[in-house]
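Q: Below: one structure in structure tokens.
Readers should treat all values here as calculations from the given coordinates under stated rules, not as data from a laboratory. Note that the structure is a prediction, hence the values are computed from the model and not measured. Counting neighbours? That spans all protein chains shown, and the Cβs are built from the backbone with ideal geometry, glycine included.
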Amino acid sequence: MRSLTSLEVTQGAFRPLTVTAYTPAGYASADAWSPSIDGMLAWAAMRERLGPDFGTNLDLAPVEGLPLQVVMHGDLWWYAAGMPEPSEILGQRDKYFHRRFNSVDAERWFNGRKVETATGPHKNLRKPHFVSTCASVSWKCIGDPREVERLVTQMTSVGSGHSRGLGQVSRWEIRDGFAGEIVRPVPIGYAEEHGIRGRRAMHAIRPPKHLAANSVMCVVPDPFEALAASARAAA
């Protein structure tokens with residue numbers, strides 16, 4: 001598989017980087033590709049750009065202008081940024097949080113009117129967070145180290161469940177270079193040209209990942225094989 005690090009770096013001060021978040025309590029994510037470093041940088045950049053409108057803007061579009069190298073293939077583009085790579089994992093588990101509406105008291109105060117707890121805003125929840133307990137998590141990317149550091153250090157947590165203590169970051173570290181390759185889902189045509197193997201699935205190739213226009217049919221490498229290869233390269 002051809003590494004993205006072999007692409008010619010021509011955009012300003014961009015160079016191969018390893019971005020590391022130290023996470024004493026581990027972090028939670030929905031899949032092996034989250035949280036993404038380009039997604040986090042996009043969050044910080046858009047907060048700066050939108051100011052008081054951040055969080056209320058409905059005019060969503062692919063986030064351009066991040067301090068990362070752009071990879072072009074036909075009319076598609078994405079950032080040269082790889083998957084999260086946790087340090088030695090001490091444990092992985094589903095940690096559940098619960099939300100249960102007090103329907104008994106509600107019905108007493110509302111003259112016996114039933115409060116719907118199966119659907120809607122008062123729905124009872126039992127939701128899992130997949131938690132990886134590790135001392136740190138790193139991302140490989142090609143970018144401007146000064147701007148990457150300036151944006152990423154604005155974030156005090158990574159992944160989901162930050163209000164429940166998950167993903168808290170004690171410090172960030174940006175260093176030059178990385179061992180191995182940048183691994184991430186890439187469009188099928190690019191994967192075929194560069195010998196990248198994996199399953200085929202719709203996947204977001206740039207932030208924001210929830211924007212439908214950012215999802216295309218991709219080749220998704222096996223994340224466990226990717227992590228093992230990265231560990232061998234670093235040894």
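Q: Given R₀ = 35 Å, what would the calculated FRET efficiency be for ALA235 paired with ALA212, taking r from the Cβ atoms and rounding to 0.05? Let's see the in-between values first.
A: Values: r = 41 Å, r/R0 = 1.16.
Given R0 = 35 Å and the Cβ-Cβ separation, E is 0.30.
Q: Suppose each label sits 7 Å from its Cα in the direction of the beta carbon; what would the ALA201-ALA61 distance come out to in nanometres?
A: In this crude spin-label approximation the distance works out to 3.0 nm.
Q: If you project the alpha carbons of region 153-235 onto the principal axes, what extent comes out on each, in Å, largest first?
A: 40, 38, 22 Å, listed from the longest principal axis down.
Q: Return the Rg/Rh value of region 38-88, two decimal places, where both radii are evaluated on C-alpha atoms and Rh is the Kirkwood radius.
A: Values: Rg = 13.4 Å, Rh = 12.8 Å.
Computed over Cα atoms, the ratio is 1.05.
Q: When the chain is fully extended, how far beyond the present Cα-Cα distance does HIS73 get from SER87, taking 0.36 nm per residue of separation?
A: On the way: separation 14, 0.36 × 14 = 5.04 nm, distance 3.19 nm.
Computed gain between HIS73 and SER87 is 1.8 nm.
Q: Explain nothing, just the number: relative contact order of region 186-235, from Cα pairs under 8 Å at least 6 residues apart, as a whole percent.
A: On the way: 56 pairs, mean separation 18.7, N = 50.
The normalised contact order for region 186-235 reaches 37 percent.
Q: Same structure again: Over all directions, what mean area does the Cα convex hull of region 184-231 project, stated in square nanometres? Each step should come with its number before you reach the end.
A: Values: hull surface 14.4 nm².
Seen from a random direction, the Cα hull of region 184-231 projects 3.6 nm² on average.
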